[in-house]
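Here's the structure, in structure tokens; my notes come after.
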Amino acid sequence: IFNTSLFEPPPRGYENVTDILPPYNAFSAQGEPEADLVYVNYGRTEDFFKLEHEMGINCTGKIVIARYGKIFRGNKVKNAILAGAQGIILYSDPADYCAPGVDAYPDGWNLPGGGAQRGNVLNLNGAGDPLTPGYPAKEYAFRYKVNEGVGIPKIPVHPIGYHDAEVLLHAMGGPAAPDSSWKGSLNVPYNIGPGFAVNSSTRKVRMHVHTSNKITRIYNIIGILRGAVEPGEQYVILGGRRDSWVFGGIDPTTGAAVLQEVVRSFGKMKMEGWRPKRTIIFASWDAEEFGLLGSTEWAEENARVLQERAVAYINTDSSIEGNYTLRVDCTPLLYKLVYNLTKEILSPDEGYENKSLYDSWLEKDPSTDNDSYPRINKLGSGSDFEAYFQRLGIASGRVRYTKNRKADKFSNYPVYHTVYETFELVEKFYDPTFKKQLTIAQLRGKLVYELADSQVIPFDCRDYGEALKGYSNRIYKLAKKHEEQLKTYKVSFGDPVAVRIMNDQLMFIERAFIDPLGLPGRKFYRHVIFAPSSHNKYAGESFPGIYDAMFDIESQADQRGAWEEVKRQISVAAFTVQAAAETLEEVA
């Protein structure tokens, strides 16, 4: 009998630390399923499709094993449930969590074989507390029963290290991996199963998961710096979380430290007699790792006021996830401000002495749409801006240092959410001089300062107009792949969307893209232009209603109904963009 490890081997210097949280996936169901094992690659929608429709492998009643990476772990669990699996095991393959030529921690920054990634496996779709979806989890709130909560999986889920995964995968029988994209870097054939090879064909896998979910109190910390001109009328929010799975050397401490330093700096300015024109709210969120709970519940509790008064939300999660270049994810309203501010900050990168952050960012990561500007990403989910941007329509952004996305193919940073994510990891490998974190503190602080103290809110609607044209062109090209169906079902996209530009009523332009009815099947995601992908919560999708309606549309049984939904989503998008344009017209 082979048993996987219950604990990670502690890193050097931490051998005597007690109460280290063992690897687990929060909100997993309890259970002891026993079944044949099936390898499902990354557990994506397309992976399960290939297994079932191209290889004839049925996952019903099986336990599946998937490697971390590519998509949010909760989406993997959801896909396993839809495929009929009894349980799912998650592991980090060296192909996705080890950089070539780098030693494992503590001698390098790669993931050791005993490291297992923790993380929640909820599918909340923006609901907040699973027991009070859409409403703040106050003492007086109605709550669903714990086993009835929104997005809580009904099957056991458990993470293991790649040394343990190698033992399981080495014995797998069944057909070979369909192609190289299904193979990682372990010394195993990556056979699919179900079950083990001939000499072990009678052996099964049994999971023992006995985690318990219970209600507990969480604490947000809120600080307010009143504005001098509009103290109760307009708010700028700087928010980040402070909870971690273990030591949290990168996630969240590099963000929490930046938040503290920005607050200290603004406090010093206040002591010297300065006040911003608009009120600044500083927030330290609790329970982010358990589904963005602290930030979402506060947004729900204060939704009415925030929709009326919030100008922008700047996220201050981890300030580094790599050390190569700047990464920015934000609404198009903030593009121009980010570009201008990065030109005022010196780059911390080697070889760019006396050059601006903008210069190094542009050279290392130019936009794929226009290489005369640096790349800016769409906001997806996975951090505390979600409720403010996706549900309330508050202009939002996040900035941090990241890896080289062209050369570094590993997912995230290798020791993410493991016991090996220590202060020493940051000090020795990621940011020895702490200049990268200082740079992010300067940029986040400048964003808040400009948003709170500029006479006119520094949004540029022209960038939104250009972005909308690009997004609508992409949707149009996607639709053109179905030329015959477009004619049959009378689906018309018309010309690419355009937005009229005026520089007033800026605060409400983002709000105008909010559909109070929400996206189909995801009522708490209400932004018509941006939403997390239905198939990967971490990734942002543009015109998500149209995109989701067209996803895998050729396999839908009711083709007429499917194309009617596409038409409906086009109508919603057209109306919303027109309504946004009208918010910029002069009030009669």
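Select from region 300-331 the residues that are in contact with a strand residue (DSSP E or B) (Cβ under 9 Å, 6 or more places away or on another chain) and among the aliphatic types (A, V, I, L, M) and list them in ascending order.
Once the filter is applied, which keeps residues that are in contact with a strand residue (DSSP E or B) (Cβ under 9 Å, 6 or more places away or on another chain) and among the aliphatic types (A, V, I, L, M), region 300-331 yields Val305, Leu306, Ala310, Val311, Ala312, Ile314, Ile320, Leu326, Val328.
Looking only at region 302-331, which residues are among the β-branched types (Val, Ile, Thr) and either touching a Pro at 6+ places or on another chain (Cβ under 6 Å) or more than 20 Å from Ser454 (Cα to Cα) (or both)? It would help to see each step written out before you state the result.
So in region 302-331, the residues among the β-branched types (Val, Ile, Thr) come out as 305, 311, 314, 316, 320, 325, 328, 331.
Within region 302-331, Val305, Thr316, Ile320, Thr325, Val328 qualify.
Has region 11-21 got at least one residue that is within 17 Å of Gly161 (Cα to Cα), in contact (Cβ under 8 Å) with a residue 12 or more places away in the chain and among the charged types (D, E, K, R)? Working first, answer last.
Our first condition is that a residue be within 17 Å of Gly161 (Cα to Cα); within region 11-21, this holds for 11, 20-21.
Checking the rest, the ones that are also in contact (Cβ under 8 Å) with a residue 12 or more places away in the chain come to 11, 20-21.
Cutting the leftovers down to among the charged types (D, E, K, R) gives us none.
The answer is no; no qualifying residue exists.
Kindly indicate the residue of region 285-315 that is under 21 Å from Gly445 (Cα atoms) and touching a Ser or Thr at 6+ places or on another chain (Cβ under 9 Å) and also surrounded by the fewest Cβ atoms within 10 Å (Cβ to Cβ) among those meeting that condition.
Per the stated criteria, the residue is Arg309.
For region 192-225, which residues satisfy the criterion of being over 30 Å from Phe410 (Cβ atoms) and either touching a Leu at 6+ places or on another chain (Cβ under 6 Å) or not in a loop (DSSP other than H, G, I, E, B) (or both)?
Val198, Asn199, Ser200, Arg206, Ile221, Ile222, Gly223, Ile224, Leu225
What number of residues within region 399-422 satisfy the criterion of being hydrophobic (A, V, I, L, M, F, W, C) and under 14 Å from the mean Cα position of the chain (by Cα)?
In the first step, residues of region 399-422 are kept if they are hydrophobic (A, V, I, L, M, F, W, C); the result is 399, 407, 410, 415, 419.
Checking the rest, the ones that are also under 14 Å from the mean Cα position of the chain (by Cα) come to 399.
Within region 399-422, residues that are hydrophobic (A, V, I, L, M, F, W, C) and under 14 Å from the mean Cα position of the chain (by Cα) number 1.
Kindly evaluate Phe27 against the criterion of being within 26 Å of the chain's Cα centre (by Cα) and closer than 22 Å to Ser555 by Cβ.
Values: within 26 Å of the chain's Cα centre (by Cα): yes; closer than 22 Å to Ser555 by Cβ: no.
Spelling it out, it is not the case that Phe27 is within 26 Å of the chain's Cα centre (by Cα) and closer than 22 Å to Ser555 by Cβ.
Give all pairs with beta carbons closer than 7 Å in which a residue from region 128-148 that is in contact (Cβ under 8 Å) with a residue 60 or more places away in the chain meets a residue that is among the hydroxyl-bearing types (Ser, Thr, Tyr); count only pairs at least 6 apart in sequence or on separate chains.
From region 128-148, the pairs are Gly128/Thr296; Leu131/Tyr144; Arg143/Thr132.
Collect the residues in region 308-320 that are at pLDDT 95 or above and touching an Asp or Glu at 6+ places or on another chain (Cβ under 8 Å), keeping them in residue-number order.
Listed by number, the residues that qualify are Asn315, Asp317, Ser318, Ile320.
Among (1) more than 18 Å from Cys330 (Cα to Cα); (2) assigned to a loop (DSSP other than H, G, I, E, B); (3) in contact with a strand residue (DSSP E or B) (Cβ under 8 Å, 6 or more places away or on another chain), which single condition is Thr418 missing?
The one condition Thr418 does not meet is (3).
Do you know which of the residues in region 128-152 that are farther than 17 Å from Trp298 by Cβ and among the basic types (Lys, Arg) is modelled with the lowest pLDDT? Please lay out each step first, then the result.
If we filter region 128-152 for residues that are farther than 17 Å from Trp298 by Cβ, which is where we start, we get 142-152.
Checking the rest, the ones that are also among the basic types (Lys, Arg) come to 143, 145.
Values: Arg143: 94, Lys145: 91.
Once the filter is applied, the top-ranked residue is Lys145.
Pull up region 530-546, narrow it to residues that are over 13 Å from the mean Cα position of the chain (by Cα) and free of Cβ contacts under 8 Å to residues at least 60 places away in the same chain, then point me to the one that is nearest to Val572 (Cα to Cα).
It comes out as Gly545.
Go through (1) surrounded by fewer than 21 Cβ atoms within 10 Å (Cβ to Cβ); (2) under 21 Å from the mean Cα position of the chain (by Cα) and name the single condition Leu82 misses.
Of everything listed in (1) surrounded by fewer than 21 Cβ atoms within 10 Å (Cβ to Cβ); (2) under 21 Å from the mean Cα position of the chain (by Cα), Leu82 misses just condition (2).
Give me the residue from region 427-440 that is surrounded by fewer than 22 Cβ atoms within 10 Å (Cβ to Cβ) and of a type in the set (A, V, I, L, M, F, W, C) and, out of that set, farthest from Arg275 (Cα to Cα).
Phe429
Check Asn125 against each of (1) at pLDDT 95 or above; (2) in contact with a strand residue (DSSP E or B) (Cβ under 7 Å, 6 or more places away or on another chain) and name the one condition it does not meet.
Looking at each condition in turn, Asn125 falls short on (1).
Among the residues of region 206-225, what is the count of those that are charged (D, E, K, R) and at pLDDT below 95? Steps first, please.
Of the residues in region 206-225, the ones charged (D, E, K, R) are 206, 214, 217.
Those left that are additionally at pLDDT below 95: 214.
Total meeting the criteria: 1.
Does region 52-65 contain any residue that is surrounded by fewer than 23 Cβ atoms within 10 Å (Cβ to Cβ) and closer than 12 Å to Pro156 by Cα? Reasoning before the result, please.
Quick first cut of region 52-65, residues surrounded by fewer than 23 Cβ atoms within 10 Å (Cβ to Cβ) only: 52-58, 60-61.
Subset that is closer than 12 Å to Pro156 by Cα: none.
No: region 52-65 contains no residue that is surrounded by fewer than 23 Cβ atoms within 10 Å (Cβ to Cβ) and closer than 12 Å to Pro156 by Cα.
Restricting attention to region 226-275, and to residues there that are of a type in the set (Asp, Glu), modelled with pLDDT of 95 or more and not in a helix (DSSP H, G or I), which single residue is farthest from the chain's Cα centre (by Cα)?
Ranking the candidates gives Glu272 first.
Of the residues that make up region 170-191, is at least one of a type in the set (A, V, I, L, M), assigned to a helix (DSSP H, G or I) and surrounded by fewer than 19 Cβ atoms within 10 Å (Cβ to Cβ)? Even if it seems obvious, please write down each step before you answer.
Taking region 170-191 as the starting set, the residues that turn out to be of a type in the set (A, V, I, L, M) are 171-172, 176-177, 186, 188.
Next, from what is left, pick out any that are assigned to a helix (DSSP H, G or I): none.
No, that holds for no residue.
Taking Leu111 as the residue in question, decide whether it is at pLDDT 95 or above, of a type in the set (A, V, I, L, M, F, W, C) and under 17 Å from Asp286 (Cβ atoms).
Values: at pLDDT 95 or above: yes; of a type in the set (A, V, I, L, M, F, W, C): yes; under 17 Å from Asp286 (Cβ atoms): no.
Criteria not met by Leu111.
Take residues that are closer than 19 Å to Asn120 by Cα and tell me which of the strands (runs of 3 or more DSSP E) falling wholly in region 1-97 contain 2 or more. Steps first, answer last, please.
Numbers: elements: 37-39, 63-67, 87-91.
The strands (runs of 3 or more DSSP E) meeting that bar are 63-67, 87-91.
Quick check on region 113-124. Is at least one of its residues out of contact with any helix residue (DSSP H, G or I) (no Cβ under 9 Å at 6 or more places or on another chain), surrounded by fewer than 16 Cβ atoms within 10 Å (Cβ to Cβ) and not hydroxyl-bearing (Ser, Thr, Tyr)?
As a first pass, look at region 113-124 and keep what is out of contact with any helix residue (DSSP H, G or I) (no Cβ under 9 Å at 6 or more places or on another chain): 118.
Within this subset, residues satisfying the condition of being surrounded by fewer than 16 Cβ atoms within 10 Å (Cβ to Cβ) are none.
For region 113-124, residues out of contact with any helix residue (DSSP H, G or I) (no Cβ under 9 Å at 6 or more places or on another chain), surrounded by fewer than 16 Cβ atoms within 10 Å (Cβ to Cβ) and not hydroxyl-bearing (Ser, Thr, Tyr): absent.
Can you find a residue that is among the polar types (S, T, N, Q) and in a strand (DSSP E or B) anywhere in region 378-395? Full working, then the answer.
If we filter region 378-395 for residues that are among the polar types (S, T, N, Q), which is where we start, we get 381, 383, 390.
Filter once more, keeping what is in a strand (DSSP E or B): none.
Looking through region 378-395, none of the residues is among the polar types (S, T, N, Q) and in a strand (DSSP E or B).
The values are calculated or read from the model by the stated rules, or taken from the named source; none is laboratory data. Predicted, not measured: the structure shown is a model, and the values here were computed from it. So basically every Cβ, Gly included, is an ideal-geometry build from the backbone, and we count neighbours across all protein chains shown.
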